[in-house]
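Trainee: Questions regarding the structure given below will be posed in turn.
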Amino acid sequence: MENKLAIQPELVRDFVGNAHGDLDRVKELLLQEPGLVNAAWDWGGGDWETAIGAAAHMGRRDIAQFLIENGARLDLFAAAMLGKIDIVRAMLADNANLVNARGAHGIPLVVHAQQGGEEAAQVLDLLNEYL
């Protein structure tokens, strides 16, 4: 296996930070360093966050979709925000305790669904059945 250089931490922090709301900057940084798509930043104390995680708890469907189109790993929190009911239902069927899962910054799964607005209304209803 080839040894690769780590991505500069400042670049990861910038990418994840901008994924909270600046699609243009996210595009620019990803063009500069494609490896950022799944990079994670530790805000401290093990509060790890990826760009898709940032977009998910901010309700930034546009940023999340862009990241997915460019290879980001879809997680439960982004699936909830995006209204991907079949994915959320399958994961809860496998482990009902995931209804209490918390994403970056300790933000509950249900808040991610709320951030998804009307497109995530069915996911929110599903989560409320488990709460």
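Trainee: For segment 36-53, give me each residue that is surrounded by 15 or more Cβ atoms within 10 Å (Cβ to Cβ) and assigned to a loop (DSSP other than H, G, I, E, B).
Mentor: A39
Trainee: Let me spell it out: the conditions are (1) surrounded by fewer than 16 Cβ atoms within 10 Å (Cβ to Cβ); (2) touching a helix residue (DSSP H, G or I) at 6+ places or on another chain (Cβ under 9 Å); (3) touching a residue at least 40 places away in the same chain (Cβ under 8 Å); (4) not polar (S, T, N, Q), and G106 meets all of them except one. Which number is the exception?
Mentor: If we test G106 against (1) surrounded by fewer than 16 Cβ atoms within 10 Å (Cβ to Cβ); (2) touching a helix residue (DSSP H, G or I) at 6+ places or on another chain (Cβ under 9 Å); (3) touching a residue at least 40 places away in the same chain (Cβ under 8 Å); (4) not polar (S, T, N, Q), just (2) comes out false.
Yes/no matrix, rows are residues, columns are (1) at pLDDT 95 or above; (2) within 9 Å of the chain's Cα centre (by Cα); (3) within 22 Å of K27 (Cβ to Cβ):
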{"site": "A40", "(1), (2), (3)": "yes, no, yes"}
{"site": "G44", "(1), (2), (3)": "yes, no, no"}
{"site": "E49", "(1), (2), (3)": "yes, yes, yes"}
{"site": "A56", "(1), (2), (3)": "yes, yes, yes"}
{"site": "G59", "(1), (2), (3)": "yes, no, yes"}
{"site": "N70", "(1), (2), (3)": "yes, no, yes"}
{"site": "R73", "(1), (2), (3)": "yes, yes, yes"}
{"site": "M81", "(1), (2), (3)": "yes, yes, yes"}
{"site": "V88", "(1), (2), (3)": "yes, no, no"}
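Trainee: Here's something else I'd like to know. Take the residues in segment 12-35 that are touching a Leu at 6+ places or on another chain (Cβ under 7 Å) and farther than 17 Å from D62 by Cα, then tell me which one is surrounded by the most Cβ atoms within 10 Å (Cβ to Cβ).
Mentor: V12
Trainee: What pairs come out if I take residues in segment 1-25 that are without any contact (Cβ under 8 Å) to a residue 24 or more places away in the chain and pair them with residues that are part of a loop (DSSP other than H, G, I, E, B) and surrounded by 11 or more Cβ atoms within 10 Å (Cβ to Cβ) whose C-beta lies under 9 Å away, six or more apart or interchain?
Mentor: Q8/E33; R25/A19
Trainee: The conditions are (1) more than 17 Å from Q115 (Cα to Cα); (2) assigned to a helix (DSSP H, G or I), and M1 fails exactly one of them. Which is it?
Mentor: Unmet for M1, out of (1) more than 17 Å from Q115 (Cα to Cα); (2) assigned to a helix (DSSP H, G or I): (2).
The values are calculated or read from the model by the stated rules, or taken from the named source; none is laboratory data. Quick caveat: nothing in here was measured; it's all calculated off a predicted structure. Counting neighbours? That spans all protein chains shown, and the Cβs are built from the backbone with ideal geometry, glycine included.
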